[in-house]
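Reading through the structure tokens given below for one structure.
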Amino acid sequence: MTGHAVPGFLPSVHGLRFANAFPPGPTIRLGRLDPRMLGIGDASAGLCGGMALTARDLYEAGLTAPADDTPPVSGSPRFRALVRRQVESLDWLRVPLRYYDLGAFRPDPPSRVAAALGREPARVVSVLREWPRIRGEIDAGHPSVVGLVRGAGVNPRRLARNHQVLAWAYETGRDSITIRVYDPNHPLRDDVELRVTIAPDPAAARPWRDRIHLAQATGEPLLGFFRQPYPPPRSVRAWRS
């Protein structure tokens, strides 16, 4: 086994101490319009992207997470900071489009059309293309923002099943990859892992889709993952004690 970890980073130190569980309420206001009337902007849907980015923000700024173990109230400076980072985590909607591509247009097993176009399932893309990018960022000393694909199908509402975490360490073996993550749904835990197993193929006769299996240690479904961009924060002032 070989591995690497971001120096000094731990979810129990830099991750936010409260869970990604906010009471119902608007994340933003559009004048007098409550955006929840349009089916968007409800804090109870979660702010995992904002929390994952904030954990990296705190680490890069040399700060530990505040001691608060309850989510900030709606409208407070820290709540607004999380919402801003949540919006920024979507990368001008390019991130939701990545989720949609991996969940809707890469059927598992591949349809006849997908196979003809060479569109492998999300788990194959995760290991062959996205994993080297995540590993490279960790090797460079930075936690890596990772999108987890948890919903499949063409219904856009399934995008809400997806999730965002922060990868900070890994171990690799001959037939396995273990990626440790800060998961906003599981605060203060340093043992949350994404697990990849690759069945041996001595004869090099089996396609990757028949060999790769993904799982998350906490039991949630995992269809695929990808490295997300990290936009630097405007400020971390809201998180300073």
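The values are calculated or read from the model by the stated rules, or taken from the named source; none is laboratory data. The structure presented is a predicted model; accordingly, all values stated were derived computationally and were not measured. Using ideal geometry, Cβ is built from the backbone for each residue, glycine included, and neighbour counts are taken over all protein chains shown. In case anyone asks, the SASA skips ligands and DNA or RNA and just uses the protein heavy atoms, side chains included. Shrake-Rupley method; radii C 1.70, N 1.55, O 1.52, S 1.80 Å.
What the table below lists for this structure:
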quantity	calculated
Protection proxy ranking of 9-17, 183-191 - average other beta-carbon atoms within 10 Å, highest first	9-17, 183-191
Degrees separating the helix 94-104 axis from the principal Cα axis of the chain, which is the longest one	40 degrees
Between 0 and 90°, nearest 10: helix 77-89 axis offset from the chain longest Cα axis	30 degrees
Percent RCO, i.e. relative contact order, over the range 186-227, from Cα pairs under 8 Å lying at least 6 residues apart	39 percent
Amide H within-cut-off set for HIS163, under 5 Å, with H built and near neighbours excluded	LEU148, ARG150
Mean residue ellipticity (222 nm) of the chain, computed from DSSP H runs ≥ 4 via -39,500 (n - 2.57), nearest 500	-7000 deg cm²/dmol
Among 71-78, 58-65, the order from most to least packed when residues are scored by Cβ within 10 Å on average	58-65, 71-78
Gap separating the Cα centres of the range 73-141 and the range 152-176, nearest whole Å	8 Å
Cα extents of the range 105-228 along the three principal axes, largest first (Å)	44, 40, 25
By average C-beta atoms within 10 angstrom, highest first, the peptides 192-202, 126-136	126-136, 192-202
Contour minus Cα-Cα distance for ARG189 and ARG78 (0.36 nm per residue)	37.8 nm
Residues in the range 208-235 that a label on TRP92 would reach, taking backbone N under 18 Å of a point 7 Å out along Cα→Cβ	228-234
The chain, relative contact order [Cα under 8 Å, separation at least 6], %	26 percent
Structure-derived mean projected area of the Cα convex hull in nm² - corresponding label in (i) 13.9; (ii) 15.1; (iii) 18.2	(i)
Protein accessible area in the chain, 1.4 Å probe - carbon and sulfur %	55 percent
Degrees, to the nearest 10: 48-60 long Cα axis against longest axis of the chain	80 degrees
